Amino acid sequence: NNFASAVSDRNMLSLLIILVSLGLCDSFVSPTKLNVQWSAAGKNRAHASQPLNSFDKNKEFDNFDSHSPVMGKNRLDEPWLEQRSRPRRNRKSEVIRSMVRESIVTPSDFIYPLFIHDESSTVEIASMPGCMRHSLDSMMKEVQEAISHGIKSFILFPKIADNLKTNYAEESYNINGLVPRALQMIKSKFPEVVVCTDVALDPYSNQGHDGVVKDGKILNDVTIMQLQKQAVMQARAGSDIVAPSDMMDGRIGAIRDALDSEGHTDASIMAYTAKYASAFYGPFRDALDSHPGFGDKKTYQQDPSNGREALLEAMLDEQEGADMLMVKPGLPYLDVIHRLRASSVLPIAAYHVSGEYAMLKAAAQKGWLDEKKAVLETMTCFKRAGTDMILTYYAKQAAMWLHEK
């Protein structure tokens with residue numbers, strides 16, 4: 001007995017079976033009827049050779065049956081499952097949950113996209129409920145209201161009149177154009193805010209593409225020449241961050257060199273590093289009237305099937321001088337955000353795009369989702385995946401909800 005107590009239950013059982021089979025210990029019962037008692041954490045339990053459900057004679061399971069290995073009782077005669085590690089202890093109150101919270105969203109995380117046009121009216125975008133195509137006066141009011149809720153960063157997207165659109169998108173670098181005027185208005189009244197500008201030709205193109213078109217193809221290097229002019233003009237007008245969204249190869253380095261050569265070494269570049277050829281952009285293109293004039297954008301935007309390719313794009317953008325990296329769309333590409341976060345030390349932005357926004361709005365209007373909870377959960381998911389900044393049309397509304405919270 002002393003020897004048996006020194007070995008594990010399994011070894012003890014094996015030893016007894018051997019002894020009985022050799023006839024060396026005929027005082028034991030046969031192994032098929034054997035029950036072995038053992039002690040654990042100060043209380044006795046039984047492991048029996050018969051199956052657990054055989055104890056339930058009356059089709060009722062007694063957790064505290066003397067033969068049951070499932071549940072014991074503590075010194076207070078309460079149910080006790082032997083479980084030292086209990087993650088729920090860190091969830092037991094809001095104070096503790098907030099103390100151990102890993103991902104926290106604040107209004108300063110948001111970059112608020114604003115659609116603008118060179119007209120006196122403000123027009124609601126039907127496919128994006130709650131979003132407007134602002135006049136410059138309306139834009140200023142929206143910026144002021146957003147600032148009051150803690151929003152500190154904005155990005156401008158212009159709807160350009162059709163008569164100004166050309167294949168070479170010359171209007172994109174007109175210093176008297178819509179975007180530079182909007183920049184100057186915002187920065188003169190609210191110098192403390194950060195204003196980002198989109199560097200791409202599609203709003204200015206009569207072809208509806210992000211680059212110059214020849215014989216049905218998008219010309220990479222010719223397009224970059226135009227993007228350099230656009231980025232320099234935007235920096236001159238006061239843009240804090242230029243954001244090339246075109247996905248031409250080599251454009252980050254070319255734009256960085258152009259900015260630096262013109263004395264704009266402080267102008268930051270937020271690269272659309274992993275911009276996918278996504279179906280989630282439809283409402284945005286409605287807002288700017290920038291649907292492709294022919295075909296699609298798959299020859300320059302990334303294939304949604306590819307994740308590793310984003311790492312290549314990120315490596316190139318870093319080498320070429322990007323200050324921040326962006327993934328677009330956001331929620332369907334959290335895995336890409338996480339990959340970039342693991343591979344880069346640069347700040348990561350996620351674009352919660354128009355289609356994602358429209359889906360939440362539609363579900364909320366149908367009463368299928370609690371809009372506030374769903375939106376704040378979505379923003380938290382972006383932060384958990386590794387983003388530092390979130391471009392979202394919900395920026396102002398989410399900031400208001402966060403203040404309520």
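The values are calculated or read from the model by the stated rules, or taken from the named source; none is laboratory data. Here the structure is a predicted model, which means the values were calculated and not measured. Reconstructed Cβ throughout: ideal geometry from the backbone, glycine too, with neighbour counts over all protein chains shown. Surface accessibility is based on the protein's heavy atoms, side chains included, excluding ligands, DNA and RNA. Shrake-Rupley method; radii C 1.70, N 1.55, O 1.52, S 1.80 Å.
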Quick check: Cα centre of region 308-341 to Cα centre of region 87-123, how many Å?
21 Å
Chain lengthening between residue 126 and residue 75 when straightened (0.36 nm per residue, less Cα-Cα):
11.8 nm
Filter the trypsin sites (Lys or Arg not before Pro) in region 342-380 down to the DSSP loop ones having no more than 14 other Cβ atoms within 10 Å, then list what survives.
366
Lys/Arg +1, Asp/Glu -1 at C-beta; region 110-161 dipole; positive extreme among 135, 149, 125:
149
So if I take the alpha carbon set of region 107-403, get Rg, then get Rh from the Kirkwood formula, what is the Rg over Rh ratio?
0.93
Ranked packing of 222-232, 138-148, most packed first, by mean Cβ within 10 Å:
222-232, 138-148
Could you state the accessible area per residue of region 168-238 in Å², with a 1.4 Å probe and every protein chain left in place?
39 Å²
Given a Förster distance of 56 angstrom, what is the FRET efficiency for residue 249 paired with residue 90, based on the Cβ-Cβ distance and rounded to 0.05?
0.75
With Cβ to Cβ distances under 14 Å as the rule, what net charge do the other residues near residue 235 carry (K, R +1; D, E -1)?
-3
Between residue 368 and residue 140, what is 0.36 nm times their sequence separation minus the Cα-Cα distance? Round to one decimal in nm.
78.7 nm
Given a 1.4 angstrom probe, I'd like the percentage of the accessible area of region 107-403 that is carbon and sulfur, rounded to a whole number.
51 percent
Could you rank 117, 338 by how accessible they are, 1.4 Å probe, largest area first?
338, 117
Residue pairs, from the table 189/214; 159/396; 165/275; 187/217; 229/373; 229/372, whose Cα atoms sit over 32 Å apart:
189/214; 187/217; 229/373; 229/372
Would you work out if region 148-276 is rounded, prolate or oblate? Take a ≥ b ≥ c from the square roots of the eigenvalues of the alpha-carbon gyration tensor; rounded if a/c is under 1.5, else prolate when a/b is larger than b/c, oblate otherwise.
prolate
